[in-house]
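Written out below as structure tokens is the structure these notes cover.
What follows draws every value from the coordinates through simple rules; no lab data is involved. Here the structure is a predicted model, which means the values were calculated and not measured. Neighbour counts run over all protein chains shown; Cβ positions are idealised from the backbone, glycine included.
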């Protein structure tokens, strides 16, 4: 009976792996270089994501593509002794974005666009033999959103836009279970699944003066539903083998809503400043549930508390044009609070308050082609905490570096 409760507790704890702060904010390279701000000023076709209403400023068709190389580094230090240290495996993640935008007809008030981008994702690998392996060994979550968009120029100063969002994604997670088979091997569980969901992206762009811009956008919550996930069990002891048969499951992963308000100011022909605030509805991630198709006396449907809290991120950026008009430089920063409450900190993706330092360069190679490079560094606070659900304590220290490159082509 004691082993039964240990196993059920292990499965509930491992389900925490999908819930940490998994939002990516790198859907445009200029915007990334300016602290992630981008709702107010229509820089390029990436306005499909940042503000569909600003897409009306596109005078010519444009194709835009970008890719990042996200390199997080996380260390766990056991608490309270600090004697156990574990570094997560070094990995490189490559979120990408592709945008198309074009005016609809000559002197038309409509502009159409299409975005393919990666707004959410996370992953960590602690290895097979670390002290928290019953919670998580490896976890990965990624998403790709497809967004056809239409913008309308209401007046010379005001434009609106809307996009339909269809998202797809997949995840995988592995963890051990606190039982050993006759060969001395720990039992393991692997969860894999594909998910999909729908939503929308709305934007309003206001050009209050020749050099002053405002933007308001709302990206809806997208509930990514897993309808045919699969749970695989291995190394299960013979005496409980019939209680842990491979089975399918269903679940829902909420991708939170985001409300953004931004302002941009062309101080001169050489300098542009922008400020932005993002309100993110993390509270939608209140719990994580798994509905297994084949329940047994030991494998029951699971529900694990998250209790995320909503947060407000503040961003600021600046762009500096060089006098040759082919080069420009960008700088930015942001303050990003963590939605993870005390008592819910988990090694599957430990999150903490952090600050961004960003910068980049833009080079106009020709009349049609531009290259943009950016670099983001995140300063995470060292966070000590625990997951009350299973009493796992520790200190986490994360570093993050993220270079990226984009290219755009104008058909003018």
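Brief remarks follow.
- Centre separation in Å (Cα based) which lies between the stretch 35-60 and the stretch 105-148: 21 Å
- Dividing the convex hull volume of the alpha-carbon atoms in the stretch 76-117 by its residue count gives 102 Å³ per residue.
- For the stretch 183-302, the orientation-averaged shadow of the C-alpha convex hull comes to 11.7 nm² (one quarter of the hull surface).
- Identified option (computed Cα extents along the principal axes in Å; candidates [x] 84, 57, 39; [y] 74, 42, 33; [z] 62, 54, 35): [y]
- The angle between the Cα long axis of helix 2-14 and the main principal axis of the chain comes to about 10°, on a 0 to 90 degree scale.
- Order of 367, 386, 393 - criterion: other Cβ atoms within 10 Å of each residue's Cβ, fewest first: 367, 393, 386
- Part-to-part distance (alpha-carbon centres) for the stretch 62-97 and the stretch 372-412, which is given in Å: 7 Å
- Shown for 396, 106: other C-beta atoms within 10 Å of each C-beta, ranked fewest to most, produce the order 106, 396.
- The per residue volume of the convex hull around the alpha-carbon atoms of the stretch 303-412 is 135 Å³.
- Each Cα pair under 8 Å and six or more residues apart adds its sequence gap; the mean of these over the residue count of the stretch 129-256 is a relative contact order of 22 percent.
- Scaled against 2.2 N^0.38 Å for its residue count N, the alpha carbon radius of gyration of the stretch 111-191 is 1.89.
- Measuring between their Cα centroids, the stretch 190-229 and the stretch 313-338 lie 23 Å from each other.
- The per residue volume of the convex hull around the alpha-carbon atoms of the stretch 163-245 is 125 Å³.
- Averaging the sequence gap over all C-alpha pairs within less than 8 Å and six or more residues apart, then dividing by the number of residues, gives the chain a relative contact order of 19 percent.
- For the stretch 72-127, the relative contact order comes to 30 percent (Cα pairs under 8 Å, sequence separation of at least 6).
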